[in-house]
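Trainee: Mind having a look at this structure? Questions to follow.
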Amino acid sequence: MKTAHLTIRPFRPEDVEPLVTLFADPLVHQFVDEGLPLSQDVARLWVARSNENLASFGFGTGAVVENASGRLIGWAGFARPGDGSEELIYGLAADRWGQGLGRELLESLLRFAESRVISPVRATVDPRNDRSIALLTAAGFRLAERGHRGDPDSDLYLLT
């Protein structure tokens, strides 16, 4: 997928190091999984699983690359949490926040979801992640469940 400023492409083995670097920033990793930096092994697993999903389902999660610089500045796509659903996930480097790139990225992902008839579109968000909640609610997502699956750090948002 390509937008005015971003390209979402499949992860490549050479993306492991940039992912580890991206997740070294506490602002980036604070609301992802356990809120910890990404290790080399976990980054390799992300790349492998994302490519497995791409091969099996035709889509998954990939690298977000800034068109102007060619730099990997994030990740985005659809993950599979294990219950048969697809879940929207995304993240950007903190130095790219506040530039409208998150909105651009989300709009592209929602167009993709519509083309694949992914409905409802789901996203889980840490209730302290005000930026992501604002982005999702501006796009029409609504809070469906606090403490999703018993996790107080995960609220479920839906776009139907």
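Trainee: Shape of region 98-137 from its Cα gyration tensor (a ≥ b ≥ c, root eigenvalues): rounded if a/c is under 1.5, otherwise prolate when a/b > b/c, or oblate?
Mentor: Because a/c hits 1.5 or more and a/b fails to exceed b/c, region 98-137 counts as oblate.
Trainee: Name the most mobile residue of Gly60, Gly84, Gly102, meaning the one with the largest mean-square fluctuation, in a Gaussian network model of the chain with Cα contacts below 10 Å.
Mentor: Gly84
Trainee: Would you mind telling me the share, in percent, of accessible area of the chain contributed by carbon and sulfur at probe 1.4 angstrom? Don't skip to the end; give the middle numbers.
Mentor: On the way: 4420 of 8450 Å².
Carbon plus sulfur share of accessible area: 52 percent.
Trainee: Now, a different point. Have a look at the DSSP beta bridges in region 28-160 and tell me what percent are antiparallel, nearest 5.
Mentor: 95 percent
Trainee: Hey, what's the chain come to in accessible area per residue, 1.4 Å probe, Å²?
Mentor: Value for the chain: 53 Å² per residue.
Trainee: What does the helix-only formula give at 222 nm for the chain: each DSSP H stretch with n ≥ 4 adding -39500 (n - 2.57), the total divided by the residues, and the result rounded to the nearest 500 deg cm²/dmol? Before the final figure, lay out the partial values.
Mentor: Working: 5 runs with 54 residues, N = 160.
Computed ellipticity for the chain at 222 nm equals -10000 deg cm²/dmol.
Trainee: Here is a further query. Given the options Pro37, Pro13, Pro127, which has the most mean-square fluctuation in a GNM of the chain, springs set between C-alpha atoms less than 10 angstrom apart?
Mentor: In this elastic network of the chain, the residue with the biggest mean-square fluctuation among Pro37, Pro13, Pro127 is Pro13.
Trainee: State whether the chain is rounded, prolate or oblate according to the following rule on the C-alpha gyration tensor (a ≥ b ≥ c being the square roots of its eigenvalues): a/c under 1.5 gives rounded; otherwise a/b larger than b/c gives prolate, and the remaining case gives oblate.
Mentor: Working: a/c = 1.25, a/b = 1.20, b/c = 1.04.
Rounded shape, in that the Cα axes give a/c under 1.5.
Trainee: Another one. Could you please state, rounded to a whole Å, how far the C-alpha centre of region 1-47 is from the C-alpha centre of region 73-142?
Mentor: 15 Å
Trainee: Could I ask something else about it? List residues of region 1-43, by number, whose backbone nitrogen lies under 19 Å from a label position 7 Å along Cα→C-beta of Ala134.
Mentor: 27-32
Trainee: Relative to the present Cα-Cα distance, how much length would full extension add between Val42 and Ala144 at 0.36 nm per residue of separation?
Mentor: Additional length available on full extension: 33.7 nm.
Trainee: When only DSSP loop residues count, what chymotrypsin sites (Phe, Trp or Tyr not before Pro) in region 48-131 have their Cβ near at most 13 other Cβ atoms within 10 Å?
Mentor: When the chymotrypsin sites (Phe, Trp or Tyr not before Pro) of region 48-131 are filtered for loop state and at most 13 Cβ neighbours within 10 Å, Trp97 remain.
Trainee: May I pose another question? State which helices in the chain qualify, where a helix is a whole DSSP H run, it must extend 20 Å or more along its own axis by its Cα atoms, and its mean Kyte-Doolittle hydropathy must be at least 0.0.
Mentor: Helices meeting the span and hydropathy rule in the chain are 101-115.
The values are calculated or read from the model by the stated rules, or taken from the named source; none is laboratory data. Owing to the predicted nature of the structure, the values given are computational and were not obtained by experimental measurement. Note that we place each Cβ from the backbone using ideal geometry, even for glycine, and neighbour counts take in every protein chain shown. SASA here: full protein model, heavy atoms, side chains in, ligands and nucleic acids out. Shrake-Rupley method; radii C 1.70, N 1.55, O 1.52, S 1.80 Å.
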